[in-house]
Amino acid sequence: MCIQMLLKTDRVCVCVCVCVCVCVCVLQDLDLAAVYVSDAQYNRNIFFDTSPQAVRLYLLYNHWVPQVLLYVFILVDLCLAIFEDPAVVPLPVWATMLVELICLSAFTTRLVHYAKVIPRDKFWKDPKNICIIVIVLLSLLDMMIYGALKATDHNAVRWSRVLRPLLLVNVTEGRQLRRAFRSIRNALPQIFLVFLLFIFSVLMFSLMALKLFVKRDLKTTEGEPYFTHYLDIVFDLYVLVTTANSPDVMMPAYNANFFFAIFFFLYILVNTYIFMSVFLAVVYNSYKKYLKEEVRQLVRAKRHKMARAFAVLQERREEGAEPVVTRDCWNQLVRLVQSDISTAHRELLWSVSDDKNQGYIGKLAFVQLADLLNIQVITMKSRPHPLQTLCPALYLSPPSRLLCRVVQHRAFVIAFDLIILVNAVFIGLDEEDPVIGNSEWVFLALYMLEILLKLYAFEPRAFFSRHNFWNWFDTIIVISALIATIVNTAVESSLHYSPREILDIVFVLRVLRLIRVVDSIKRFRTIINTLIRIGPTILTFGQLIVIYYIFAMVGMELFKGKVRYVESSDPQQTDCGNPLLKDSAFANRNYCKNNFNDVVSSFILLMELTVVNQWHDILYLSPTATRLGYTQNTQKAMCLRVAPCQPSIHFVPVSLTACC
């Protein structure tokens, strides 16, 4: 009897263990399939290990918390340039190095986590991992060398700072930036050929200009010889392509003879319009060609991921039948992939996949799940207004319903658009007039009344849903303007004057209120909503930040302290703290703040070079025969410096940004 009971107990334990093992295997399969689907949804092409432990680590790796922390550490690492010499806000060397060491530790931890997820051979064959390791090691080496030199009172250079933005490109989450830089790299050969032809054209026109003007003894407005040195002519004509020195460079020749304008007209036609159009066309075609190939690879990788997820979850309902995924299994998978999805949304996706209402789907319908999850679905819940629940008799009364119809009518919107336009006229008038000054309170009262009426007519949670951007924008601007106006009035009444900072905030908020008119015009609203939705694509502009940062770090190490902004009322003190710039056009035009003395000034200067207006004055202008910039240089050396810099900062990034 006891033996029989023991045998029954053993059978029960075996059955329980089998059930537990089956449940564990099912959960592991669901986790693996969820990872595949998530990778396909977000276009991640990572060959991770499929063991249960690696899958759990991979899920943690892709969690939003470590991803946000990674970007925070990258941002902190980049912002260290604000506190490092030359600094905007100086901090001790040990403090900045300690923060940088913490950031490097975070990058190393993230890299080690990634190494635990993917096979070892894949890890060491991935160039971005090698790049991160090299950047971390070189940064540590630079920190040790810099610290030792500073401790012994020697001059030191933080050369590893130019490597910091490369972390933004080489982290796993920087796929979009890497894709953009790959497209740039692939397009460079064709761009280079066009650029060589363009340079050849500039050299030919420069030689022609030398022969035309060298013997005519023409003078510039500064009294200098005009077009007498070949390298000067090359540089001036190169600047003319960017239109930064037009028409100044042409005027001496044009004043001498009317027909010399034909030469400059042909030059601008060929090099500014034709060559720049060809250049942009080549960049665009090359970029789009390789971008299409990138998209094809992404689509293939997405289908491969979804096929592997289907292979994990598939089951056969009958012998010899096609493998399928059941509805229950599909629902569990969707909950794992997107936990915040509503039941109605999930049912909608299933009805799209199982259009025949069979209770299961095949491989063709299953692989569409990643695309279906990327479709934005707005769920609108019909809720009664809180006032209807609290005071139904009052809210449903005829006067109340009439008021709601008036607020919801198109005429109500038009009326307040007209009020905004009248407000725009008052904003442009003199603030010192008491009538104009007091009218601000009238407009604020009208705007607050509009918001309150809308909240009365529309259900508040629907009015402030996350998809109603313009309602949020309108309310925040109006309330901020009201608070700023109240603060300004209180300060003015107590101190008998208005601080300039508060007035600036008030004026800006008043102008921002005019943007509300955009929401009333359907075509304008469509354009603005499109710009908001393509925000992730605009992140490709990060390539400009990378280029700016590298040039800024190099410029700060080379040119810090060479040009200084000195506040002085003496018109004779126009040397920007550098005797070489005494009475130069650079100093006379008050460009002294255009320097590399800190990272903020460096970024502003590089932005000015990107815009190209007067960029030649910033880098290369002086009334003397010797050209002067941040250092004294020969003409040839300056041209050789500017030639690779200006196209890198302007033509290539701007052209590729236009393609994006």
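Here, each number is a calculation from the coordinates, and none is a lab measurement. Everything quoted here is computed from the prediction, not taken from an experiment. Reconstructed Cβ throughout: ideal geometry from the backbone, glycine too, with neighbour counts over all protein chains shown.
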Review point. So if we plug the beta-carbon distance of GLN388 and VAL517 into 1/(1 + (r/R0)^6) with R0 = 30 Å, what FRET efficiency do we get, rounded to 0.05?
Key: 0.40
**Study point:** For GLN358, distant residues with modelled amide H under 5 Å away
**Key:** none
Revision key, fill the gap. With 0.36 nm assigned to each residue of separation and the Cα-Cα distance removed, LEU269 to LEU429 gains 53.1 nm
Check your understanding: At what distance in nm do the modelled label points of ASN186 and VAL422 sit from each other, each positioned 7 Å from its Cα along Cα→Cβ?
Key -> 5.9 nm
Point to revise | Backbone HN-Hα couplings from phi across segment 510-525 [Karplus 6.51/-1.76/1.60, Hz, Gly and Pro as x] | key: 5, 5, 4, 4, 5, 5, 4, 4, 4, 5, 7, 9, 4, 5, 5, 4
Check your understanding: For segment 386-523, with only Lys/Arg (+1) and Asp/Glu (-1) charged at the beta-carbon, what is the dipole magnitude about the Cα centre, in debye rounded to 20?
Key -> 940 debye
**Study point:** Under Karplus coefficients 6.51, -1.76 and 1.60, residue-wise ³J(HN,Hα) of segment 249-254 in Hz, glycine/proline x
**Key:** 5, 8, 4, x, 5, 5
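When the dipole is taken about the Cα centre of segment 178-295, and only Lys, Arg (+1) and Asp, Glu (-1) are charged at their Cβ, what size is it in debye, to the nearest 20?
680 debye
Within segment 208-286, report the chymotrypsin sites (Phe, Trp or Tyr not before Pro) that DSSP leaves as loop and that have at most 15 other Cβ atoms within 10 Å.
Those satisfying the criteria are PHE258, PHE259.
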Exercise for review: Compute the distance in nm between two label points, each set 7 Å from the Cα along the Cα-to-Cβ direction, one at PHE258 and one at LYS125.
Suggested key: 7.3 nm
Practice item. Please report GLU608, GLU293, GLU222 as a ranked list, fewest other C-beta atoms within 10 angstrom at the top and most at the bottom. Key: GLU222, GLU293, GLU608
Review point. What ranking do LEU240, LEU91 get, fewest neighbouring Cβ atoms within 10 angstrom at the top?
Key: LEU91, LEU240
**Study point:** 3J(HN,Hα) from dihedral phi, segment 584-601, Karplus parametrisation 6.51/-1.76/1.60, rounded to Hz, x for glycine, proline
**Key:** 7, 4, 4, 6, 5, 8, 6, 9, 5, 6, 7, 8, 10, 7, 7, 5, 5, 4
Check your understanding: Given a Förster radius of 22 Å and the C-beta distance between ALA301 and HIS63 as r, what FRET efficiency does 1/(1 + (r/R0)^6) yield to the nearest 0.05?
Key -> 0.55
Check your understanding: If we count other beta carbons within 10 Å of each Cβ, what is the order of SER602, SER51, fewest first?
Key -> SER51, SER602
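Can you pull out the trypsin sites (Lys or Arg not before Pro) in segment 273-331 whose DSSP state is coil and whose Cβ has at most 12 other Cβ atoms within 10 Å?
ARG316, ARG317
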Practice item. Report the extension gain between LYS582 and THR152 in nm, rounded to one decimal, defined as 0.36 nm multiplied by the number of residues separating them, less their alpha carbon distance. Key: 151.2 nm
Revision key, fill the gap. With label points set 7 Å from each Cα along the Cα-to-Cβ direction at LEU348 and LEU141, the distance between them in nm comes to 5.6 nm
Exercise for review: Note the direction-averaged projected area, equal to a quarter of the hull surface, for the Cα convex hull of segment 306-374, in nm².
Suggested key: 4.5 nm²
